[in-house]
Ligand code: GRF
């Protein structure tokens, strides 16, 4: 079967891009990263794309007068490349319904919390302040409401005594690098179905939960 043509949108470090690219490079993986787009010319992730031989484009949002014009430019590039799935990986621009509705069911994001807990920024600080015993990450379909779409995969990690923001972030990031490739694989294998605002995986209610303690 043809591999799912995937684009990854980044703004910075690109460690999730690296994890996705590494998985796609494994023999038999059902998706390929056909394109990387960054809205930041200096994103470190662009170097990973270059090293992995993945075509990359910089589309600076500041070159456009409105969000819609920026999104139209993204859309054109993605369609011209025959992209079937878009993965947001640390892409720091909010996408409006203009773009999100056009890519509904084909646009996913990873967020560093167990949604619906802690949408938005500073997730690890907020998890520590709330004295959570577990933290984690969520891969979800994107809808116009930020960090609110149907959940596909969640990975759980413990919050340990002595954790600070950096320690917890590092533990969650490791989990992200498991969860995102898994979600990509499940979608590429056509095992994920969007049923209204829920996800079904292999016909069962999602999200799939990676929980070492379970
Ligand atoms: C990750 O924590 C991701 O969950 C969030 O932004 C961060 C991106 O990290 N959306 P990287 O650029 O993939 O290393």
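Quote the Stokes-Einstein diffusion coefficient, in whole µm² s⁻¹, for the chain, based on the Kirkwood radius over alpha carbon pairs, a temperature of 4 °C and a viscosity of 1.567 mPa s. Reported coefficient: 74 µm²/s. Considered as an equivalent ellipsoid built on the Cα gyration tensor, the stretch 124-197 has semi-axes of 26, 14, 9 Å, the largest given first. For a modelled paramagnetic label at residue 79, 7 Å from Cα along Cα-to-Cβ, the residues of the stretch 95-119 in reach, with backbone nitrogen under 17 Å, are 96-107. The order of the peptides 1-7, 128-134, 172-178, 64-70 by mean Cβ neighbours within 10 Å, most packed first, is 172-178, 1-7, 64-70, 128-134. Scattering from the stretch 1-103 was approximated by placing one identical point on each alpha carbon and applying the Debye formula without solvent; log10 I(q)/I(0) at 0.12, 0.16, 0.25 1/Å stands at -0.36, -0.65, -1.45.
Computed packing ranks the peptides 141-151, 12-22, 115-125 as 12-22, 141-151, 115-125, most packed first, by mean other Cβ atoms within 10 Å. Summary value for the chain: 18 percent relative contact order, contacts being C-alpha pairs under 8 angstrom separated by 6+ residues. Of the peptides 25-35, 104-114, the order by per-residue mean of other Cβ atoms within 10 Å, starting with the highest, comes out as 104-114, 25-35. Working from label points 7 Å from Cα in the Cα-to-Cβ sense, the residue 25 to residue 62 distance is 3.2 nm. With the simple spin-label model, which puts each label point 7 Å out from Cα in the Cβ direction, the residue 195 to residue 72 separation comes to 3.9 nm. When DSSP beta bridges are restricted to pairs lying wholly in the chain, around 45% turn out antiparallel. Using the Cβ-Cβ distance between residue 41 and residue 131 with R0 set to 41 Å, the FRET efficiency from 1/(1 + (r/R0)^6) comes to roughly 0.50.
The numbers here are math on the coordinates, done by the rules we state, and not lab data. Predicted model, so just to flag it, every value in this text is computed and none were measured. When we count neighbours, we look across all protein chains shown, and the Cβ atoms used for this are built from the backbone with ideal geometry, even at glycine.
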